[in-house]
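**Student:** Pasting a structure below so you can have a look.
Please treat every number below as a calculation from the coordinates, not as lab data. Computed from a predicted structure; not experimentally measured. Note: ideal-geometry Cβ built from the backbone for every residue, glycine included; neighbour counts use all protein chains shown.
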Amino acid sequence: FIVTIIQIVLWGIILIAILSLFNFNSPNIGQFGLFYQIIPTLSLKQILCFTSVATFCLIGAYLIYSILFAFLGVISDIGSDTQQYSLLVTLPLIISMLYIIQNLGKMTSLITFLSYFPLTSPLALLARFTTKVTFTEIVISLSILYATIIICLHFSASLYKKGVISYRTKNVFKQKKH
């Protein structure tokens, strides 16, 4: 986990270094130039708020997806089963990412819903910072995310305890007949 944080910080430093090398005063500045021009206008409070929410979202996304993939490992008998089920876990994130990229900067009710749905909330909540998001909405979204993490962790741990540790066999959706 610490390696992930270090990698994100290094990518941020590299991005800032690359942006500082280019002159974005031309009329055709593109997305990076716009980003480079907006950063100085933000207050320290806004930057710290976004950074802290992004950190909680990163930790929450890491925890929920690692718990769900551990759950898939517990219920799967062979590797091919795990690959089939992993699409079900990652599909909401992929679809929401495509929708959010197309509608970035627009406040739609679907983005609001996605910011409360635990599998998509880390991405959608950060996208809502391009529009107006209140402190209450941030707290509600993060609370739902972390409550889901606790529930999934409890369910996954009890399933692991009952199946793998007690009986030395995995719990699979369909037991094969011998």
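**Student:** Read phi for every residue in the range 146-156 and hand back ³J(HN,Hα) as whole Hz from Karplus 6.51 cos²θ - 1.76 cosθ + 1.60, θ = phi - 60°, with x for Gly and Pro.
**Tutor:** Each residue's phi maps through the Karplus curve to give 6, 5, 5, 4, 5, 5, 5, 5, 5, 5, 5 Hz.
**Student:** Moving on to the next point. For the range 119-127, in order, what is each residue's ³J(HN,Hα) by Karplus, 6.51 cos²θ - 1.76 cosθ + 1.60 with θ = phi - 60°, in whole Hz (x at glycine and Pro)?
**Tutor:** 6, 10, 5, x, 6, 5, 5, 5, 5
**Student:** Still on this structure, I have one more. At a Förster distance of 25 Å, what's the computed FRET efficiency of THR4 paired with LEU44, Cβ-Cβ distance as r, to 0.05?
**Tutor:** 0.50
**Student:** What's the extension gain from PHE129 to PHE155 if we count 0.36 nm per residue and subtract their Cα-Cα distance?
**Tutor:** So the extension gain works out to 6.1 nm.
**Student:** For the residue pair ALA54 and TRP11, what label-to-label distance in nm results when each label sits 7 Å from Cα along the Cα-to-beta-carbon direction?
**Tutor:** Output for this residue pair reads 1.0 nm.
**Student:** Using the Karplus equation 6.51 cos²θ - 1.76 cosθ + 1.60 (θ = phi - 60°), what ³J(HN,Hα) coupling, rounded to whole Hz, does each residue of the range 62-68 give in order, writing x for Gly and Pro?
**Tutor:** Using θ = phi - 60°, the values come out as 4, 5, 5, 6, 5, 5, 5 Hz.
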